[in-house]
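**Q** Provided herewith is a single structure, encoded as structure tokens, for subsequent inquiry.
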Amino acid sequence: LEWLRAIDSVVASMWLPLRSFTRPLSSAPRGPLIRRLAAVDSLQRRYTALEEETIRKQRALQLQLREAAAELQVRRQEIVSGSAEPTDAEVTSSDAFFSGREPDEPEDLAGAVGIPGFWKGVLGGADLHVNEEPAVSERDWEVLESLEEVRVEPWGTPGGEGDNDEMVAAAAAATGEEEAQEVPAGGHLLTFCFGPNRFFEPGAALLRSELLAHSLDGAGSVGPDGSAVLRLYCTEEGDVVGAVAAPFCEGRDPRSKVMVRKRKGKGKAGGERQRLGRPGGAF
């Protein structure tokens, strides 16, 4: 596309000097070079118009996709949470379970509301790994027990790319640095909704990335029962550029490993037990 756009400047550089010696004509010019330049200019204008029209159609299709996807995510969550039951049409159009006889209901989930442990099961089925090691630890799974909803939607800074210079300056001021990382215009927002749990510190303010603090809405706080809405802001390519996270209660952060060792003491049989916290990785 870049070399096609460059044709504009090439044609202009050759065409302008010739224009000064010509006047509007009632018929096509006869000079061979002028005719060729005029034809190339005409074709380039047609290409530019085609490109602009294609971009408009792509934006319209993306908007339709976002609106339809949002409706599907809302409906999915209604069924997962148990706030609504599926319709016969939704059930019979599935080919996941009805290739043969109807499966039996799990006895241990009799009378359950919605689909218990749905999002934990989704993450478990994804088989996530980092450097060939499981990305989700046993302590992570304990926190993920309370994960009730996950949403994916587009996000964008208030002014898009046009306000980027001001955003970079604001980010630099917020972090106290002379230069700040460029703020992307937008991308994908992943929202994780956690229900009541014993891991997040009740009533604590949510932690927000300094890079995006000046351009996004307030992060909010953890509920009195530990419930929280956490977010990951990603570029179109999937790189994380910002986050809204919750502080953990003391001793319940899955990122730290608590080790207990004996510390020898004079005059004490068996010594004294000491608890040590060591940083570790966590999903």
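**Q** Yes or no: the range 36-51 includes at least one residue that is closer than 14 Å to residue 153 by Cβ and hydrophobic (A, V, I, L, M, F, W, C).
**A** Within the range 36-51 (the criterion being closer than 14 Å to residue 153 by Cβ and hydrophobic (A, V, I, L, M, F, W, C)), the answer is no, since none of the residues qualifies.
**Q** Has the range 41-48 got any residue that is more than 24 Å from residue 283 (Cα to Cα) and among the hydrophobic types (A, V, I, L, M, F, W, C)? Steps first, answer last, please.
**A** The initial filter retains those residues of the range 41-48 that are more than 24 Å from residue 283 (Cα to Cα), namely 41-48.
From the residues that got through so far, the ones that are among the hydrophobic types (A, V, I, L, M, F, W, C) too are 43.
Within the range 41-48 (the criterion being more than 24 Å from residue 283 (Cα to Cα) and among the hydrophobic types (A, V, I, L, M, F, W, C)), the answer is yes, since at least one residue qualifies.
Rule-based calculations on the coordinates, nothing more; no lab input. Everything quoted here is computed from the prediction, not taken from an experiment. Counting neighbours? That spans all protein chains shown, and the Cβs are built from the backbone with ideal geometry, glycine included.
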